Each structure stands twice: as C-alpha cells, then as structure tokens.
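Read through the structure below, which is laid out as structure tokens, and then see the notes.
The values are calculated or read from the model by the stated rules, or taken from the named source; none is laboratory data. Just so it is clear, the model here is predicted, and its values are computed rather than measured. Neighbour counts are summed over all protein chains in view; Cβ atoms, including those assigned to glycine, are modelled from backbone coordinates with ideal geometry.
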Amino acid sequence: MTDLETAKRAAREAAIARRLELDPMACGLALTGYVLREFDWSPGVVVSGFWPIGQEIDIRPLLHALHERGHKIALPVTPRRGEALTFRGWRPGDVLVPERFGTMRPVGDILVPDVLLVPLLAFDSAGGRLGYGGGFYDRTLAGLPNRLRLGCAFAAQQVDAVPVAPYDIRLDAVATENGIIRCGG
C-alpha cells in the first residue's frame with residue numbers, strides 16, 4: 001500500500017467517525033435552505049443527487065424542493081468497478097431498486113446532469129474530496145467537464161487538506177448545514 005493509499009484510508013476512517021454523532025435529516029434540511037438561497041438554476045436544469053447511505057447527510061429534502069422548482073432530478077446507477085456512473089430520472093414517489101454498496105437507483109430515463117450533487121467523506125477548502133475509494137465519482141466528473149460540482153456534507157467533514165492524487169477531481173463548492181463553501185486553489 002502506498003503512502004497516499006494509507007493516508008486516504010486513515011482519512012476515511014476519521015471522517016466516518018466524525019459524522020456518527022450528527023443528525024443526517026436535520027443537517028440535510030439546513031443544507032437545503034442554503035442551496036436554495038445561494039443557487040438559482042433555471043427550471044429544467046438536470047440535477048443529479050444521491051440517495052443517502054449510512055450516516056451520509058440526507059439531501060432528500062433538497063431533491064424534493066428542486067423537483068418542486070421544476071428541475072429534473074437524476075440519481076446515480078452504480079456501474080461495474082472502473083466505470084463512470086450513469087444517471088436515471090427520479091421523481092418523488094418513484095420506485096427505487098436496491099443496488100450494491102447499499103445504494104438505491106431509480107428506473108427512469110437516462111439523463112445527463114448539468115449540476116452534480118456529490119457525496120463525500122471529507123473535503124477541504126481547495127475542493128479536494130475524499131470518497132469511498134471506488135473512483136466512480138472521479139471518473140464521472142472527469143467525463144462531465146464544465147458542470148457545477150457541488151459536494152454535500154456535514155460541516156464536520158471539512159479537514160485542512162484531503163490527500164489527493166492527480167486523477168482526483170476537485171469540487172467547485174460544498175454545501176453543509178452551516179452554509180456554502182466556495183472552493184478555490
């Protein structure tokens with residue numbers, strides 16, 4: 001195992017521990033308010049979200065609010081290892097199918113997102129993002145340039161510096177229960 005892999009593994013373990021005491025729904029509701037105030041996307045813009053797993057911040061209130069504002073919502077479909085995600089349309093009340101890693105996917109039409117709401121374990125102010133280690137989002141973000149990449153996380157998931165490799169794609173901003181952090185650097 002390389003030094004980078006070791007650093008990422010330790011950072012993942014610490015990030016998972018930090019979020020255990022947090023309330024995913026309450027923080028997700030607060031995050032929703034900040035996103036709706038800070039971003040005014042045109043109706044019809046396709047926004048990809050994610051169905052929370054484990055102790056991830058719960059962005060379902062945001063997905064519902066964006067749908068009510070006229071946005072098309074898409075959720076990821078987990079591919080085979082080494083591939084990018086695809087996204088299928090979702091509306092409140094639609095059936096979701098269980099997938100690997102405890103994820104849920106819709107059965108709607110394939111959509112290409114204009115805005116990506118990205119789950120994460122840790123992030124830094126430069127837009128560094130630490131995921132679960134499968135590389136799905138890095139491949140996906142690399143294949144969708146010039147799209148807004150908005151991480152969604154608890155404020156406690158922010159760290160001084162995320163260990164990153166050259167292939168890790170940075171976020172443009174991160175939404176938390178405490179506000180929006182614009183990333184730079």
Residue hits (the range 145-162; surrounded by fewer than 20 Cβ atoms within 10 Å (Cβ to Cβ), part of a loop (DSSP other than H, G, I, E, B) and touching a residue at least 12 places away in the same chain (Cβ under 8 Å)) are R147, V159, D160, A161
L31 passes all but one of (1) touching a helix residue (DSSP H, G or I) at 6+ places or on another chain (Cβ under 8 Å); (2) surrounded by fewer than 18 Cβ atoms within 10 Å (Cβ to Cβ); (3) within 16 Å of E177 (Cα to Cα); which number fails? (2)
Looking for whichever is closer than 21 Å to V115 by Cβ, loosely packed, with under 12 Cβ neighbours inside 10 Å and without any contact (Cβ under 8 Å) to a residue 24 or more places away in the chain here; the options are R37, R88. Which one fits? R37
If I ask for residues that are touching a Pro at 6+ places or on another chain (Cβ under 7 Å) and among the aliphatic types (A, V, I, L, M), which ones from the range 83-117 would you list? L85, L96, M104
For the range 1-25, pairs from a residue that is under 22 Å from Y167 (Cα atoms) to a residue that is among the polar types (S, T, N, Q), with Cβ under 7 Å and 6 or more apart or across chains, are A15/Q157
Which of the following residues is in a helix (DSSP H, G or I) and under 22 Å from A153 (Cβ atoms): I16, I57? I16
Residues located in the range 88-103, provided they are under 14 Å from A74 (Cβ atoms) and modelled with pLDDT under 85: T103
Write out, first by first residue and then by second, each pair whose Cβ atoms fall under 6 Å of each other, whose residues are 6+ apart or on separate chains, and whose first residue, in the range 166-184, is at pLDDT 95 or above while the second is among the basic types (K, R). L171/R129; L171/R149; D172/R149; A173/R182
